[in-house]
Amino acid sequence: MNTIITNARALTLDGPAGPRRGKAMSNLAIKERVDIVIRGEWIVSIGESLTIGPGDRMIDARGNIVMPGLVDCHTHACFAGSRIDEWEKKLAGATYQEIMAAGGGIMSTVKATRAASRAELSASLASRLSRMLSLGSTTVEVKSGYGLTAKGEAHMLDAISDVQLAQRHTKRRSLPNLIETALLGHAIDPDMDDFVHRTIHDTLPAISKAHPGIAVDAFCEKGSWSQQECWELFNRAKALGHPIRVHTDQFTSLGMTPAAASLGARSCDHLEASTPADLAALAASDTIGVALPCCGFHLDGRYAKLRTLIDSGGAAAVATNFNPGSAPCPSMPFALCLAVRHCGLTPAEAIIAGTVNAAAVLGLSDRGVIAPGKRADLLILNNKDWRSLVYEFGAPVVSKVLIGGEELSVD
Ligand code: NIG
């Protein structure tokens, strides 16, 4: 039995394999009034007036936009505790970094997350993921990074895996696809001697054994991991077969963006403080620049200059960065709205940044595009104008979500 979406105005984003760069980030390859045939989890054909067989299930898009599901390629959605009190301190004038230096910030979430049980972590993650799904995210990356020790990081990755496995084994899935990232260098634990050395020589090998091939990430910033420390962690991780991602230039340009590009990192994320030279090095590399504009909205009004990156021929993606401190936001459409208003993206570039390019950040080439052979992870919008996704900020624009051909409830 096939599922057929009829009468679709499809943003296929069909084009060359891999992330889109420069001018190619503007091509949405729109097809008017088409039917999309899905078998199992996959798209098998797209065209006009395809034959509908007996027993085929039909979903009438009524001329509305059908587009690839959104891919949220940078989140810290697995955590315990709350930082709403800290947020009030921020409103009263304290900076994110001052709070972190006083033992709050990331370390306060580390304490709460270490103390939470695996079941508590996976239950709260599942409830956040369900909200993200209703906003159109069909694939979500979730980082560890609030455990820091080998035991703490494994605890988080186990909780994330539990949610993933439960979805795989349920008859009726209700959550997005999950991709885990090991954020081993998220902070420096002040209570542990030789923390960086232990992370590189104890935590990394332990996580590598349990999660072969998982992407390894770090936060390169004053008061967190230095460029030299990141360099050592990443070289070891690469030698063990792990792709690299890195939080660079959030508050300070420390030279990590060109260094990460030369290491062949999958992505440099944040980029609010990137210099023209940082962006030029990124644009000249295969590393994708990921903007996290919910941070600028929530913290300090600074945003990544993606316009410069794209005009220099680079590839850009956008993510929510959902976390309890710098970006408590589950909404990809809102992140994309912000990227249009503050990072200089056109609406078309924002769609590419939140789908096919975000999938490439996660090493995924089977989604983010509507074409035969791709996953049937799709959104039907309640609108015939695709720009509504990045125009009507705060409004519910997604009317149906399909993951692997299965229609999920988004109420
Ligand atoms: O990407 N900057 C580092 N990590 C996160 C924030 C995490 C937190 O504040 O808990 C980020 O913004």
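The values are calculated or read from the model by the stated rules, or taken from the named source; none is laboratory data. Quick caveat, the model's predicted, so the values are computed rather than measured. As a convention, Cβ positions derive from the backbone with ideal geometry for all residues, glycine included, and neighbour counts pool all protein chains shown. Side chains are part of the model used for accessible areas, which takes the heavy atoms of the whole protein and leaves out ligands, DNA and RNA. Shrake-Rupley method; radii C 1.70, N 1.55, O 1.52, S 1.80 Å.
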**Request:** Go through the range 45-93 and give me each residue that's open to solvent by 50 Å² or more (accessible area, probe 1.4 Å), β-branched (Val, Ile, Thr) and under 29 Å from GLU32 (Cβ atoms).
**Result:** THR51, ILE52
**Prompt:** Here are THR170, THR138: which of them is buried (at least 20 other Cβ atoms within 10 Å of the Cβ) and of a type in the set (Val, Ile, Thr)?
**Reply:** THR138
**Prompt:** Among the helices (runs of 4 or more DSSP H) confined wholly to the range 69-156, which include 3 or more residues that are over 18 Å from the mean Cα position of the chain (by Cα) and over 22 Å from PHE219 (Cβ atoms)?
**Reply:** 84-91, 118-134
**Message:** Criterion first (closer than 27 Å to ILE106 by Cβ, open to solvent by less than 10 Å² (accessible area, probe 1.4 Å) and either assigned to a loop (DSSP other than H, G, I, E, B) or assigned by TED's automatic domain parsing to the domain that holds HIS242 (or both)) does ALA327 satisfy it?
**Reply:** yes
**Message:** Pull out all pairs, ordered by first then second residue, where Cβ-Cβ is under 6 Å, the residues are six or more apart or on different chains, the first lies in the range 257-271 and is free of Cβ contacts under 8 Å to residues at least 40 places away in the same chain and on the phi > 0 side of the Ramachandran plot, and the second is part of a loop (DSSP other than H, G, I, E, B) and surrounded by fewer than 24 Cβ atoms within 10 Å (Cβ to Cβ).
**Reply:** none
**Request:** Please go through the range 272-324 and pick out each residue that is part of a loop (DSSP other than H, G, I, E, B), within 16 Å of the ligand (Cβ to nearest atom) and in contact (Cβ under 8 Å) with a residue 60 or more places away in the chain.
**Result:** LEU292, ALA319, THR320, ASN321, PHE322, ASN323, PRO324
**Message:** Given the condition in the same structural domain as LEU240 (by TED's automatic domain parsing), open to solvent by less than 60 Å² (accessible area, probe 1.4 Å) and under 20 Å from SER122 (Cα atoms), answer yes or no: does some residue in the range 217-224 qualify?
**Reply:** no
**Request:** Could you check LEU408 against (1) touching a helix residue (DSSP H, G or I) at 6+ places or on another chain (Cβ under 9 Å); (2) buried (at least 23 other Cβ atoms within 10 Å of the Cβ) and say which number it fails?
**Result:** (2)
**Request:** Return yes when LEU233 is of a type outside the set (Gly, Ala, Ser) and within 22 Å of PHE251 (Cβ to Cβ) and no when it is not.
**Result:** yes
**Hey, ASN2 of a type in the set (S, T, N, Q), over 26 Å from SER130 (Cβ atoms), at pLDDT 95 or above and surrounded by fewer than 21 Cβ atoms within 10 Å (Cβ to Cβ) or not** = no
